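See below for the structure under consideration.
Nothing in this text is a laboratory measurement; each read-out follows from the coordinates by a stated rule. Just so it is clear, the structure is predicted and the values come from calculations on it, not from any experiment. Note that each Cβ is placed from the backbone with ideal geometry, even for glycine, and that neighbours are counted across all protein chains shown.
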Amino acid sequence: MQQFVVPQFIDVEDKIIGPVTTRQFLIILVAGIIIFLFYRFGDFSFFIFSLVLFGGLALLFAFVKINGQTFHYFVLNIIQSAKKPSLRIWRKYYDKRELDDLRKQFKAPEKMDVGKKNVKRRHIRDLALLVNTGGFYKPEDEL
């Protein structure tokens, strides 16, 4: 029988430079390029502002993990939860106009006259015997 190697630790990212992964390196690289462009073509105060803003966001997105998941997945989960909350709240009270609209949408079923069937004692006895004998008793055999 041929043996196969089963990969383990598939959720661990590959490291390229020391403890820095490819994803972290690319985030820091893009932020560094943006900050350099602001330094080269902008005012010094604008450069300091962009350094704090983009540098802080890059470090946050690159290195921070919350509950074992990377920060960008955490932000995406927050946005998804804000768009579609999972908590359903039942609003018990409606005003008169809303109730009238709901009544117009859903028609009440017409009342059906269900007549009461007279059941004889013999019929109940035959049913009980049929159930107790597992179907071997046939009420029509007695006649």
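Annotation note: of LYS65, LYS92, LYS104, LYS96, the sole residue that is basic (Lys, Arg) and within 26 Å of VAL20 (Cβ to Cβ) is LYS65. With the condition kept exactly as written, say whether any residue in the range 105-121 is surrounded by 10 or more Cβ atoms within 10 Å (Cβ to Cβ), assigned to a helix (DSSP H, G or I), among the charged types (D, E, K, R) and free of Cβ contacts under 8 Å to residues at least 24 places away in the same chain. No, that holds for no residue. When the range 49-94 is filtered for residues that are closer than 17 Å to VAL30 by Cβ and of a type outside the set (A, V, I, L, M, F, W, C), the ones remaining, listed by number, are SER50, GLY55, GLY56, THR70, HIS72. Report yes if some residue within the range 68-80 is part of a loop (DSSP other than H, G, I, E, B), on the phi > 0 side of the Ramachandran plot and either surrounded by fewer than 11 Cβ atoms within 10 Å (Cβ to Cβ) or basic (Lys, Arg) (or both); otherwise report no. So far as the range 68-80 goes, yes, one or more of its residues are part of a loop (DSSP other than H, G, I, E, B), on the phi > 0 side of the Ramachandran plot and either surrounded by fewer than 11 Cβ atoms within 10 Å (Cβ to Cβ) or basic (Lys, Arg) (or both). From the list PHE54, PHE46, PHE38, which residue is touching a Ser or Thr at 6+ places or on another chain (Cβ under 6 Å) and more than 22 Å from VAL12 (Cβ to Cβ)? None of the others qualify; the one that does is PHE38. Return yes when ARG23 is assigned to a helix (DSSP H, G or I), free of Cβ contacts under 8 Å to residues at least 60 places away in the same chain and surrounded by fewer than 11 Cβ atoms within 10 Å (Cβ to Cβ) and no when it is not. No: the conditions fail for ARG23. Taken across the range 124-133, residues that are among the charged types (D, E, K, R) and over 49 Å from the mean Cα position of the chain (by Cα) do occur, with at least one present. Scanning the range 27-57 for residues that are loosely packed, with under 12 Cβ neighbours inside 10 Å and either in contact (Cβ under 8 Å) with a residue 40 or more places away in the chain or closer than 22 Å to GLN69 by Cβ (or both) yields a single hit, GLY56. The single condition among (1) under 30 Å from ASN67 (Cα atoms); (2) surrounded by 10 or more Cβ atoms within 10 Å (Cβ to Cβ) that ASP126 does not satisfy is (1).
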